[in-house]
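Have a look at the structure below, then the notes.
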Amino acid sequence: MTVTRSATVTLPTDEQILVTREFDAPKELVFKAWTTPELVRRWWHANRGEMTVCEIDLRVGGGWRYVMVAHDGGMEVGFHGVYREIVPGERLVSTEIYEGLPEGVSEDDAATLNTVTFEEQDGRTHVTLLVQCQNQISRDAIIESGMENGLQDALDLLEQAAQSLR
Amino acid sequence: MARAATTADAFNAIAEPRRRQILDVLAGGERPVNDLVLELGLAQPQVSKHLRVLREVGAVEMREAGRQRLYRLRGEALKPIHEWVRNYERSWNERFEQLDSVLDDLKEDEGDDSDA
């Protein structure tokens, strides 16, 4: 059987980012790999750095914190949040706050609510990660923060182009 | 999942996988609708719907040439969004490839347990 092991990213609404992917493993194992610090340390860095902090207090109201130091330039990026809902092997809901927010942006505004669902079929698990932002402005901020240098200018151009269409 | 307000802004319009495919094709130059129908393997009404969304956010432009409607990419300004989605997707792909190998190890461990 051919397996399409490729993540798909879409923006279903103005406030959401959706990532989906299928894994060749039962959902209990995927959930375990998603929520066990020693295991998260092995994949979350995406080969782009080293995780220096990986804390997971897996209970409702418990916190999590991930910090990575990038191979390229040694920049440190951190994220943390609180678990809101935990259904082992099925569903995980938590808040997420980026620790490098620009000045003037409050954590409350920038926090996202992330819902991960694990659905198994024939021993394979379909994972969806839905990032729900407070509003379109905060989603755009997330998008912009993920952009390479120089793209901001282009984004400004886009905004002008979009405004000229109204 | 409900797909409300898909056309509300350029990010949404461009992040839809089929529409990104259309943009990829148009990146190679101006094309008639029929070409897009063939390349994407979608029915014409669906392609037209996607093209309408892309036009609404200014991502593509259309002109009529005889009986044909020709579409082309509009403005370099739209590229960054396209690239952002790709980058974001690439970083999740790299992350998930690592996760694949973690899962392989976990499956092996389970196999060992059941053999024991």
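The values are calculated or read from the model by the stated rules, or taken from the named source; none is laboratory data. Because the structure is a prediction, the values reported are computed rather than measured. Positions of Cβ are generated from backbone atoms using ideal geometry, with glycine treated the same way; all protein chains shown enter the neighbour counts.
Listed here are the residues, each with its yes/no results for (1) touching a residue at least 60 places away in the same chain (Cβ under 8 Å); (2) of a type in the set (S, T, Y); (3) more than 7 Å from every other protein chain (Cβ to nearest Cβ).
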residue: A:V9; (1), (2), (3): no, no, no
residue: A:T13; (1), (2), (3): no, yes, no
residue: A:N47; (1), (2), (3): no, no, no
residue: A:E55; (1), (2), (3): no, no, yes
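Can you find a residue in the stretch A:75-87 that is outside any strand (DSSP E or B) and either modelled with pLDDT of 95 or more or surrounded by 15 or more Cβ atoms within 10 Å (Cβ to Cβ) (or both)?
no
Tell me, which residue of the stretch B:8-61 that is among the acidic types (D, E) and within 13 Å of the chain's Cα centre (by Cα) is nearest to the other protein chains (Cβ to nearest Cβ)?
B:E16
Test of understanding: among A:V69, A:V40, A:V30, A:V77, which residue is among the aliphatic types (A, V, I, L, M) and away from every other protein chain (no Cβ under 12 Å)?
A:V69
Results for (1) under 22 Å from B:A10 (Cα atoms); (2) touching a residue at least 24 places away in the same chain (Cβ under 8 Å); (3) surrounded by 13 or more Cβ atoms within 10 Å (Cβ to Cβ), shown as yes or no for each residue.
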position	(1), (2), (3)
B:I22	yes, yes, yes
B:V25	yes, no, yes
B:Q44	no, no, no
B:R63	yes, no, no
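So A:V87 passes all but one of these: (1) more than 9 Å from every other protein chain (Cβ to nearest Cβ); (2) of a type outside the set (D, E, K, R); (3) touching a Phe, Trp or Tyr at 6+ places or on another chain (Cβ under 8 Å); (4) free of Cβ contacts under 8 Å to residues at least 24 places away in the same chain. Which condition number does it fail?
In the conditions (1) more than 9 Å from every other protein chain (Cβ to nearest Cβ); (2) of a type outside the set (D, E, K, R); (3) touching a Phe, Trp or Tyr at 6+ places or on another chain (Cβ under 8 Å); (4) free of Cβ contacts under 8 Å to residues at least 24 places away in the same chain, A:V87 misses (3) alone.
Here is a list of conditions, (1) modelled with pLDDT under 85; (2) more than 15 Å from B:E97 (Cβ to Cβ); (3) touching a helix residue (DSSP H, G or I) at 6+ places or on another chain (Cβ under 7 Å), and A:A46 meets all of them except one; can you say which number that is?
Failed condition: (2).
With respect to B:A43, is the statement that it is out of contact with any strand residue (DSSP E or B) (no Cβ under 9 Å at 6 or more places or on another chain) and either more than 30 Å from A:V30 (Cα to Cα) or at pLDDT below 95 (or both) true?
Criteria met by B:A43.
Specify the residue that is nearest to B:K49 (Cα to Cα); the eligible residues are those in the stretch B:62-88 that are within 19 Å of the chain's Cα centre (by Cα) and either modelled with pLDDT of 85 or more or among the aliphatic types (A, V, I, L, M) (or both).
Here the residue is B:Y71.
Could you give me the residue pairs with C-beta distances under 8 Å whose first residue belongs to the stretch A:100-122 and is more than 16 Å from A:V87 (Cα to Cα) and at pLDDT below 95, whose second residue is of a type in the set (G, A, S) and assigned to a strand (DSSP E or B) wherever it lies, and which are 6+ apart or on separate chains?
Short answer, once both residue conditions are applied: A:G100/A:G78; A:A111/A:G81.
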